[in-house]
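Read through the structure below, which is laid out as structure tokens, and then see the notes.
The values are calculated or read from the model by the stated rules, or taken from the named source; none is laboratory data. Treat the numbers as computed from the prediction; the structure is a model and nothing was measured. Neighbour counts run over all protein chains shown; Cβ positions are idealised from the backbone, glycine included.
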Amino acid sequence: MIRSLSRPVARALQKRAMSGASLPALPYAYDALEPTISSTIMEIHHTKHHQTYVTNLNAALEKAEAASKSGDASALIALAPAIKFNGGGHINHTLFWENLCPASESSPPTGALAAAIEADFGSFDAMKSQMSAQTVAVQGSGWGWLGYNPSSGSLEIATCSNQDPLAATTGLVPIVGIDVWEHAYYLDYKNVRPDYVGAIWDVIDWKCAERRFEAAK
Amino acid sequence: MKFTLALLLPLAVDGYNVQKAASRRDLLKKGAAAAITVAAPGVAGAYDLPDLPYAFDALEPWIDAPTMKIHHDMHHQTYVTNVNKATEGKPAVDIVALQTDALAAGPGVRNSGGGHYNHAFFWDEMTPADKASKTKPSSSLQAKIDAAFGSTEGMKEKFAAAAAPGAVFGSGWCWVVVNGKDELEIVGTPNQDNPLMKGVKDEIKYPILGLDVWEHAYYLKYQNRRPEYVGNWWNVLNWDKVNENFDYVMKNHAGVPVRG
């Protein structure tokens, strides 16, 4: 069937089938997280930063597929950093949009997740305090995570640098992530990262976190 | 836009430091770690924040005035405050000399000592565009540039690739350095590392020019358009200073001295 189409069309169709990643839509409007995160930041963060990770991931994956087909290990190895950076960027931001929600819809965790937080940190406030401190302390660009350790069955706080994804880097299952690349907060908070991290708790979607926790344990 | 209002306030209100101190008190309530990254008024110590050698708007339109003010008064000030904290009680060491063993000295010296040196180096190599356009590499520097990169254009292309988001990744700096064989190289370093620090590259290398590609260096004007920022930056590079840096490094095999 493909053979009967013109060459450019056939190529385009084949290209479409190969490219895996696409930019997910936000589950809310760009201004939904105001005043905590401005609509300006949300729009640039989503349509520029995340989109670029998606575009560059697909380009890297296309090259990797060709290299894989021809058994070119050297080319595959050379592509690894780009796949890690852009793939990680895509994974991280997809998780991030999902674990945010308008402040009016944000309420503290309940049920099994709440119990686990209390068991592993003493209290919800203690967990937030520790996660804030570790996330603020990230040097340069990176992420702060509340994660689930499947081996120990407990919750842990971890940070990753650049776009290193939590699961592939640490083995923890992501429950809640906070982006502390400067682009995530600079237009609103300048270099006062502690203000941003302190404020973002207002827009964390604990229902999403509960679903992730249920799926993980 | 919200951030423009926030910028007008400190410029208009006397007692800018008082305003920052008030918010610092609030932040201290939220956790001790928070205080570390807040710009505080200068704390007495071995290192100082050097003044910019030009006005905040001097590098317009290539680097905007709000970025220069925040970058200098907040980001660089924080590095100075924190390197003073990290070296408190220790014998005074010139900031260039502090770079060599920064990795062994620990994260405080590495991040804040590196940050202080890098930014002090950065301010002094730039100058308003109308002056910059009248400067160029010396004949000895040009010879090295041509040998390493083919031409100045060739160097700028390789520099652009090394400074791109995928290369330096999150936060870092891109440098032209003199290596142990007296040849030029382009190297990228993450966070506030620099090639003067033992262990960062295969050997200590001596920067003659460098560009901050942390997002804070360009975000207000360029957002995610880092390649545009990198390309435009050459308009404000003072080749007279770069020539001085080159001569110093070739003669002394040491890091260029900086103010502060």
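Here are the numbers for the structure shown:
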| quantity | calculated |
| --- | --- |
| Top-ranked residue in the range A:144-176 [being farther than 20 Å from residue A:132 by Cβ and of a type in the set (A, V, I, L, M); ranked as nearest to the other protein chains (Cβ to nearest Cβ)] | A:168 |
| Exclusive hit being under 22 Å from residue A:208 (Cβ atoms) and either at pLDDT 95 or above or exposed (fewer than 15 other Cβ atoms within 10 Å of the Cβ) (or both), set A:22, A:70, A:74 | A:22 |
| Meets criteria (without any contact (Cβ under 8 Å) to a residue 40 or more places away in the chain and surrounded by fewer than 17 Cβ atoms within 10 Å (Cβ to Cβ)) for residue A:83 | yes |
| Number of positions in the range A:183-200 that are under 25 Å from residue A:109 (Cα atoms) and touching a Ser or Thr at 6+ places or on another chain (Cβ under 8 Å) | 7 |
| Of all residues making up the range A:31-64, the number that are farther than 20 Å from residue B:166 by Cα and not hydrophobic (A, V, I, L, M, F, W, C) | 8 |
| The range A:175-198 residues that are under 24 Å from residue A:155 (Cα atoms), paired with ones that are basic (Lys, Arg) (beta carbon under 7 Å, 6 or more apart) | A:175/A:212; A:180/A:193; A:194/B:30; A:198/B:30 |
| Every residue from the range A:38-88 that is closer than 26 Å to residue A:184 by Cα and part of a loop (DSSP other than H, G, I, E, B) | A:38 |
| Filtered residue count, the range B:96-141, keeping only those that are part of a helix (DSSP H, G or I), away from chain A (no Cβ under 14 Å) and crowded, with 16+ Cβ neighbours inside 10 Å | 16 |
| Residue in the range A:128-136 that is in contact with a strand residue (DSSP E or B) (Cβ under 6 Å, 6 or more places away or on another chain) and away from chain B (no Cβ under 14 Å) present | no |
| Some residue of the range A:102-124 being touching a strand residue (DSSP E or B) at 6+ places or on another chain (Cβ under 8 Å), within 12 Å of another protein chain (Cβ to nearest Cβ) and in contact (Cβ under 8 Å) with a residue 40 or more places away in the chain | no |
| Scan of the range B:59-96 for residues that are over 30 Å from residue B:235 (Cα atoms), touching a residue at least 40 places away in the same chain (Cβ under 8 Å) and of a type outside the set (Val, Ile, Thr), ordered by number | B:82, B:84, B:85, B:88, B:92, B:94 |
| Subset of the range B:146-161 that is at pLDDT 95 or above and among the hydrophobic types (A, V, I, L, M, F, W, C) - its residue that is surrounded by the most Cβ atoms within 10 Å (Cβ to Cβ) | B:159 |
| Residue within the range A:177-187 that is over 26 Å from residue B:166 (Cα atoms) and either more than 10 Å from chain B (Cβ to nearest Cβ) or in contact with a Cys (Cβ under 8 Å, 6 or more places away or on another chain) (or both) present | no |
| Residue ID - farthest from residue B:216 (Cα to Cα), chosen from residues in the range A:188-217 that are in a loop (DSSP other than H, G, I, E, B) and more than 10 Å from chain B (Cβ to nearest Cβ) | A:217 |
| Residues (at the interface with chain B (Cβ under 10 Å from one of its Cβ atoms) and crowded, with 18+ Cβ neighbours inside 10 Å) located in the range A:25-48 | A:34, A:38, A:41, A:44, A:45 |
| Residues of the range A:19-44 satisfying the condition of being within 16 Å of the chain's Cα centre (by Cα) and among the small types (Gly, Ala, Ser) | A:21, A:22, A:25 |
| Options B:240, B:247, B:212; residue that is at pLDDT 95 or above and closer than 23 Å to residue B:109 by Cβ | B:212 |
| Test result for residue A:210, more than 15 Å from the chain's Cα centre (by Cα) and within 22 Å of residue A:101 (Cβ to Cβ) | yes |
| Some residue of the range A:157-169 being charged (D, E, K, R) and without any contact (Cβ under 8 Å) to a residue 60 or more places away in the chain | no |
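Rundown of residues vs (1) modelled with pLDDT of 95 or more; (2) touching a Ser or Thr at 6+ places or on another chain (Cβ under 9 Å); (3) over 19 Å from residue A:138 (Cβ atoms), yes/no style:
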position: B:67; (1), (2), (3): yes, no, yes
position: B:77; (1), (2), (3): yes, no, yes
position: B:80; (1), (2), (3): yes, yes, yes
position: B:84; (1), (2), (3): yes, yes, yes
position: B:90; (1), (2), (3): no, no, yes
position: B:103; (1), (2), (3): yes, no, no
position: B:110; (1), (2), (3): yes, no, no
